[in-house]
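The values are calculated or read from the model by the stated rules, or taken from the named source; none is laboratory data. Treat the numbers as computed from the prediction; the structure is a model and nothing was measured. Glycine also receives a Cβ, built like all others from the backbone with ideal geometry; neighbour counts cover every protein chain displayed.
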Amino acid sequence: MTAPETDLLNEHAAIECSLSLLSSAVDSNDDCHDLQCIWSHVECLLLDHIRTEEQELFGLVAPAHRAEVEALRAEHQYIRRALLELGVQVELHAVRKPQVDELVAFLRGHAERENQTLYRWLVERPDALLANIVHRMIERRAHDNERRAS
């Protein structure tokens, strides 16, 4: 497995871990501050991930796989709407476990679809551009995590 492929799959694993924390926080009725912090992290992580895919990765495979890329874009729109709705509910202290579970299930399916299509097509490309994009994405995420920790 190549380093960019590993990093891309690790991105989905990091999102999965954050979603598990969110689900646990909602399930255990964590105090509002904890839930807000977890939600903020999940939302930032997902929006950055989507933005990176759309702005930097989709263009690398779109000419050969236009229909699938458009389907992934449509799923990203659904995710953005769901994040907006859940974000309001978190702010109002009205978020419920079934709503979070629905988003988590959708995101798992979406990640699997990307792993089988977008990510597979990307690692089949024999250029260094992907490695540079993924490296910048990982660095940005590490910087964001450091900033949040301080």
*Quick one: residue 93 ticks every box in (1) touching a helix residue (DSSP H, G or I) at 6+ places or on another chain (Cβ under 9 Å); (2) modelled with pLDDT under 95; (3) under 17 Å from residue 118 (Cβ atoms); (4) not hydrophobic (A, V, I, L, M, F, W, C) except a single one, so which number is it?*
(3)
*residue 69: modelled with pLDDT under 90 and among the aliphatic types (A, V, I, L, M), yes or no?*
no
*Within the set of pairs 6 or more residues apart or between chains, which connect a residue that is under 20 Å from residue 123 (Cβ atoms) inside the range 60-81 to a residue that is assigned to a loop (DSSP other than H, G, I, E, B) and of a type in the set (Ser, Thr, Tyr) with Cβ atoms less than 8 Å apart?*
65/117; 68/117; 72/117
*Check residue 43 against each of (1) in a helix (DSSP H, G or I); (2) out of contact with any Gly (no Cβ under 8 Å at 6 or more places or on another chain) and name the one condition it does not meet.*
(2)
*asked:* Tell me yes or no: at least one residue of the range 22-33 is in a helix (DSSP H, G or I) and either touching a Leu at 6+ places or on another chain (Cβ under 6 Å) or under 19 Å from residue 116 (Cβ atoms) (or both).
replied: yes
